[in-house]
Ligand SMILES: Cc1cc2nc3c(=O)[nH]c(=O)nc-3n(C[C@H](O)[C@H](O)[C@H](O)COP(=O)(O)OP(=O)(O)OC[C@H]3O[C@@H](n4cnc5c(N)ncnc54)[C@H](O)[C@@H]3O)c2cc1C
């Protein structure tokens, strides 16, 4: 009996990035195998817990220009990605509303200054609209009379994270990807393939020692009757809190940001803060039903940037998506797919070819030659 030929690509980690990369490579006609330690739903991934807001301008309050530019391009790409998936995914581009309570009003100028200095000018142009109380009430009737002022960032978006993961799983099956769910990959016994693409998020820590987790906690509640029409960000001195309305009166309320790889359940303090924040935005949240309190860690590199790390041989690692995975993954995955295809067909084989590739890449800042980090 002959052994089946090894696949072109083994993708390690079937969270957000691994699924998208594997699905795209399969769409180009490659033979792809995907290995995920958790289930097909994606419940072991940071992507499972995320709010999946696509908010490059709001994120400019804490993110640098590279991230906001990646986010703006990716926001334009998502509809095309979703149109090709075999299952529907809730996607909305109805903007972000930013509000603050009177007691936290000193946060507002700080937020505005940071956004204006970190965001690309094309995002700011018409994308950052000051609302007086009456305009705010007209834009978001559920909040009429509740805030004196706010900002509408009209071009921002969001999607349903769990629907994306499910639709990508269906897409992998449709494109014939060999999926190995509930299969943890051990670095000492990697699956056989021409090229390995490591998308294990925090699970790649053994080979990326500078990777760290930043804990985030969220609440999911069912709150019929409130009818927010877009994500609302509440400026807050400790962390940027948001309430993201999904389909069927489901709201994701998040998120804390705590240094440390603590995957333990949500703390009482965080639950109180998240739920109080929601209640302070709209008292109707007092009657909401808590469906889930959950925590996960965002995979983060020291510079808080995503990276495509080539080991100089057969392995590409895609990691460091931090708090921006959904916001930037279409562009990051595209770069990874192009690079991986060039590795497979031999266009990249040494440091010179890598440097040439990097010079010509759309997002050259993402690429790093990483032979130093390989285990001996
Ligand atoms: C609370 C919270 C809120 C967030 N909100 C947003 C948001 O609003 N917008 C946004 O853009 N981003 C958000 N994010 C960030 C986003 O979720 C991450 O950036 C994204 O999930 C990273 O994708 P990834 O594929 O690299 O990692 P993951 O999604 O974590 O996937 C990695 C996968 O690898 C698997 N794995 C690990 N080790 C192994 C192994 N040894 N073998 C096999 N499989 C393995 C894991 O099980 C997992 O499924 C949020 C994150 C958190 C935690």
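Every read-out reported here was derived from the displayed coordinates using simple, explicitly stated rules and does not represent laboratory data. Keep in mind it's a predicted model, so treat the numbers as computed, not measured. So basically every Cβ, Gly included, is an ideal-geometry build from the backbone, and we count neighbours across all protein chains shown.
Tabulated data for the structure shown
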quantity	calculated
FRET efficiency for residue 267 and residue 236, using Cβ-Cβ distance with R0 set to 25 Å, rounded to 0.05	0.90
Proportion of all alpha-carbon pairs of the stretch 1-82 beyond 18 Å (%)	58
Diffusion coefficient, µm² s⁻¹, Stokes-Einstein with Kirkwood Rh over alpha-carbon pairs of the chain at 4 °C and 1.567 mPa s	61
Counting all C-alpha pairs of the stretch 282-376, share separated by more than 22 Å (%)	41
Two-site label geometry, residue 125 and residue 364: point separation in nm, points 7 Å out along Cα→Cβ	2.5
Two-site FRET efficiency, residue 134 against residue 174, from Cβ-Cβ distance with R₀ of 45 Å, rounded to 0.05	0.35
Residue-averaged 222 nm ellipticity for the chain, from DSSP H runs of 4+ at -39500 (n - 2.57), nearest 500	-9500 deg cm²/dmol
Within the stretch 302-337: backbone nitrogen closer than 19 Å to the residue 183 label point (7 Å, Cα to C-beta)	315-316
Three semi-axes of the equivalent ellipsoid, the stretch 209-352, Cα gyration tensor, whole Å, largest first	38, 17, 11
Ranked by how many other beta carbons lie within 10 Å on average, peptides 77-85, 240-248 from highest	240-248, 77-85
Cα-based equivalent ellipsoid, the stretch 4-139: semi-axes from gyration tensor eigenvalues, Å	38, 16, 15
Segments 23-31, 327-335 sorted - mean Cβ within 10 Å per residue, highest first	327-335, 23-31
Centre separation in Å (Cα based) which lies between the stretch 297-358 and the stretch 158-219	14
Spatial separation of Cα centroids for the stretch 86-116 and the stretch 243-287, in angstrom	16
Estimated FRET transfer efficiency (residue 258, residue 5; beta-carbon r; R0 45 Å; 0.05)	0.45
Helix 107-118 vs. the chain, principal-axis angle (Cα, 0 to 90°, nearest 10)	40
